[in-house]
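Undergrad: Before anything else, here's the structure in question.
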Amino acid sequence: MKKHIRFTAALLALGLCVSTAVSQIPVSATEETAADTSAQVQAADPSIVTTNGIAGWPQATDISSTAAVVMETSTNTVLYSKNADQALYPASAVKIMTCLLVLENSSLDDQVTMTATGVSGVTDGGANISAQLDEVFTMEQCLYAIMVASANDIALQVAEHISGSVDAFVAAMNARAQELGCTNTVFTNPTGLPDENQHITAHDMALIMEAAMANDTFRTIAATTSYTIPATNVSGGDRVLTNNFTMINNTSDGYYEACIGGKEGYTQASGSTLVCEAAKNNMKLVCVVLNGASGATDDEAIALLNYGFDNFAPLTLPDDDFNRLSGGTVIVPNGAAADSLTTEDTAADGQIQRQYYFGGTPVGTAILEDVQQEKDTAAETGTKNMKAAQEFSSSRTYAPYYIIGAIGAAFLLFFLFLMIHVIKS
């Protein structure tokens, strides 16, 4: 069955590439009908895959999952978007935010003692590592348990350890999501277990994953296939944790060599969810797939990542602006040049933020020095200095400085006249 799914994924990836090629080949009048029919088969409806509606954008096919996004991490350019702002259940993708918040508010060698709060996660119907009351783990071991084994008992315990209560930790999760720019995300627990009030969007999840993968420790943990927790003060032996995330497991049919970390989950309410990051062709892409069929989301993620890597590339713009402070690299369709871009400038605090657009969609930014403002400031400073100098002189004399100068010159001439007269005599 899995082989059949892989074959389907291969056809999906081929469709993504072929549709791009078809959309860029000019056709004669006699071929127009056939070509239009082919394009309708290959390219998804722009009202569904909204990035297909961008002028000049490589056309992509649809996937069976409800929502998905592919986003380049250095510019936040969205390469593929399907229902990216639709609120859906996240399942254990929630644990990515849980780990991010833990990493930002603790040390890896912190000692975490299991209480009734954490132990309740052993019997809540989700994944766990059978942690026991008063058992002690390091925070590092807890993070691996959460990401590798998807342990709900440990997720609950670190929440209480960090914030004093699970509710306080959840409030911090929601606040952090807003800081990252999430617009339609509500967390109600740190585990991802079903809750009708807990939801996220594919785009919001991409922003959270991007922030998490910027953390070196998280990146290492998210790429780990197996981890061993040695015997603790309570347990009598090692716990060997195995990661079921197929895209980083080189023995799995769903292995993707470019994948550098991720997590997938499933509940009946959420369906299959998958979040990952991959690095290739001088780009890092985050891919999020939500509400998919079990066993299919990894295939769809692979197809979407291939679409991104095969059809887009970073373009470093010429440094025509000698005052550019940072940025200036954009992500554009293969073959696009600088003259295909438009810009919009926003000035603030002596700097200009320049947003670059391709076909009306944001593809990168640059920070420029506001030269005009600096010139104006320098001119204003010069005027102030001149005025201050004149005020300084006038405050210490009873006559204008040019009269004093004239009197001084007259005395000098008189002195020279006397000297000449003495010499002659």
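Undergrad: What's the extension gain from ALA338 to ALA55 if we count 0.36 nm per residue and subtract their Cα-Cα distance?
TA: Gain on extension, ALA338 to ALA55, equals 100.3 nm.
Undergrad: Using the Karplus curve 6.51 cos²θ - 1.76 cosθ + 1.60 with θ = phi - 60°, what ³J(HN,Hα) values do you get for each residue of the stretch 244-251, in whole Hz, with x for Gly and Pro?
TA: 8, 6, 5, 6, 10, 9, 6, 9
Undergrad: Under 5 Å between amide H atoms, partner at least 5 residues away or on a different chain: which partners does PHE312 have, H built in plane at 1.01 Å?
TA: Amide H neighbours of PHE312: ASN334.
Undergrad: What share of Cα pairs, in percent, lie more than 16 angstrom apart in the stretch 153-221?
TA: For the stretch 153-221, the fraction of Cα-Cα distances above 16 Å is 53 percent.
Undergrad: ALA269 label point, 7 Å along Cα→Cβ, cut-off 17 Å on backbone N: hits in the stretch 176-197?
TA: Taking a point 7 Å out along Cα→Cβ of ALA269, the residues of the stretch 176-197 whose backbone N falls under 17 Å are 185-197.
Undergrad: OK, next. Based only on Cα atoms, what Rg/Rh ratio does the stretch 180-279 have, Rh being taken as Kirkwood's radius?
TA: 1.01
Undergrad: Also, quick follow-up: Based on the Cβ-Cβ distance of THR346 and SER74, what FRET efficiency does E = 1/(1 + (r/R0)^6) give at R0 = 30 Å, to the nearest 0.05?
TA: 0.90
Undergrad: Could you give the length gained by full extension between GLN353 and ASP195, i.e. 0.36 nm per residue of separation minus their alpha carbon distance, to one decimal place?
TA: 52.8 nm is the gain from fully extending GLN353 to ASP195.
Undergrad: Right, here's the next one. What is the calculated FRET efficiency for THR220 to THR251, with r their C-beta to C-beta distance and R₀ = 22 Å, to the nearest 0.05?
TA: Efficiency, from the Cβ-Cβ distance: 0.60.
Undergrad: Expressed in nm to one decimal, what extension gain is obtained for the pair ALA231 and LEU180 from 0.36 nm per residue of sequence separation less their Cα-Cα distance?
TA: Answer, rounded to one decimal: 14.6 nm.
Read the figures in this text as sums done on the coordinates, not as results from a lab. As the structure is a prediction and not an experimental result, all values here were calculated from the model. Glycine also receives a Cβ, built like all others from the backbone with ideal geometry; neighbour counts cover every protein chain displayed.
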